[in-house]
1. Please find, among Arg72, Arg31, the residue that is under 19 Å from the mean Cα position of the chain (by Cα) and modelled with pLDDT under 85.
2. List pairs: first in region 3-26 and at pLDDT 65 or above and β-branched (Val, Ile, Thr), second in a loop (DSSP other than H, G, I, E, B) and open to solvent by less than 70 Å² (accessible area, probe 1.4 Å), Cβ under 9 Å, 6+ apart or cross-chain?
3. All but one of (1) within 15 Å of Arg172 (Cβ to Cβ); (2) in contact with a helix residue (DSSP H, G or I) (Cβ under 8 Å, 6 or more places away or on another chain); (3) of a type in the set (A, V, I, L, M); (4) at pLDDT 95 or above hold for Leu79, so report the exception by its number.
4. Leu211 passes all but one of (1) of a type outside the set (Val, Ile, Thr); (2) touching a strand residue (DSSP E or B) at 6+ places or on another chain (Cβ under 9 Å); (3) buried (at least 17 other Cβ atoms within 10 Å of the Cβ); (4) in a helix (DSSP H, G or I); which number fails?
5. Does region 172-180 contain at least one residue that is surrounded by fewer than 21 Cβ atoms within 10 Å (Cβ to Cβ) and without any contact (Cβ under 8 Å) to a residue 24 or more places away in the chain?
6. Hey, among the residues in region 62-76 that are part of a helix (DSSP H, G or I) and open to solvent by less than 80 Å² (accessible area, probe 1.4 Å), which one's farthest from His48 (Cα to Cα)?
7. Do you know which residues across region 117-135 are open to solvent by 10 Å² or more (accessible area, probe 1.4 Å) and under 15 Å from the mean Cα position of the chain (by Cα)?
Amino acid sequence: MARSFVQQFSEEWFDPLSWGDLAVPVTKGGRGSAWFIRSDAGDLVLRHFCRGGLPGRFIGREYVFTREDAVRSFSEFRLLDELFRRGYPVPEPVAAGYQRRAGLFYHAALIIRRIPGAVPLAEFASGQCQKTWQAAGECVRRFHDGEVYHADLNCMNILVAADKVYLIDFDRGKFMRPGQSDRWKAANVSRLQRSVSKCLSEVDDQIRDQLWQAFLAGYGSADQ
């Protein structure tokens, strides 16, 4: 747990029902398992870890418990805490928790501080938004240069607030070992491109291409 929240924290924070009307479901992005929270400690985001894709239809929130140190929410909290302390544009982590389920499984949850006024990069979908996409490219390149791997880089996990770009949702993220192959970086960018094609499918092809080229220009600016 972040030290600044020790005196205020309660385990009930992980239960959206305990917040009553102060908890509002996040409707954009995610898998219907996150809530905006208005608290005395400030505006927060509560996220319950859920599996995606085909496994998510059958398993949902269940993860196999091996050891406490490997709990998904704890791993993400540690990474976010390190990135935040190093000055990377990520949300401040507040608390991480888990609950054992039938001995073999567990449910995980994470609370972060909400980034004021943040909206997904996908909402910047006009020809006038090229500077924003270029800034997004510069942001992603900064993480890559720091050997930071984001397992689900998509245009809903890139947020823009007050002309600053942030990355969120670092589940399964990690620091890569320096000196190893950079193929993961190219794969990361390719994954994002597929997301852009999907999220901006209704945008004119020419405009979508301009935005993507602006992103690549920002990503490649560090080489110049």
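1. Being under 19 Å from the mean Cα position of the chain (by Cα) and modelled with pLDDT under 85 holds for just one of Arg72, Arg31, which is Arg31.
2. These pairs meet every condition: Val26/Gly32; Val26/Ser33.
3. (2)
4. Looking at each condition in turn, Leu211 falls short on (2).
5. Yes - at least one qualifying residue is present in region 172-180.
6. Here is the first cut: in region 62-76, the ones part of a helix (DSSP H, G or I) are 68-70, 72-76.
Applying the additional criterion that residues be open to solvent by less than 80 Å² (accessible area, probe 1.4 Å) yields 70, 72-76.
Working: Ala70: 16, Arg72: 11, Ser73: 9, Phe74: 13, Ser75: 14, Glu76: 12 Å.
The residue in question is Ala70.
7. Step one: list which residues in region 117-135 are open to solvent by 10 Å² or more (accessible area, probe 1.4 Å), which gives 117-120, 122-132, 134-135.
Passing the criteria: Ala118, Val119, Pro120, Ala122.
To keep it simple, each residue is scored yes or no on (1) open to solvent by less than 30 Å² (accessible area, probe 1.4 Å); (2) of a type in the set (Val, Ile, Thr).
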| site | (1), (2) |
| --- | --- |
| Arg100 | no, no |
| Tyr106 | yes, no |
| Ile115 | yes, yes |
| Asp169 | no, no |
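The values are calculated or read from the model by the stated rules, or taken from the named source; none is laboratory data. Quantities reported herein were computed from a predicted structural model and do not represent experimental measurements. Virtual Cβ from ideal backbone geometry, glycine too; neighbours counted across all protein chains shown. Ligands, DNA and RNA are excluded from the accessible area calculation, which covers all protein heavy atoms including side chains. Shrake-Rupley method; radii C 1.70, N 1.55, O 1.52, S 1.80 Å.
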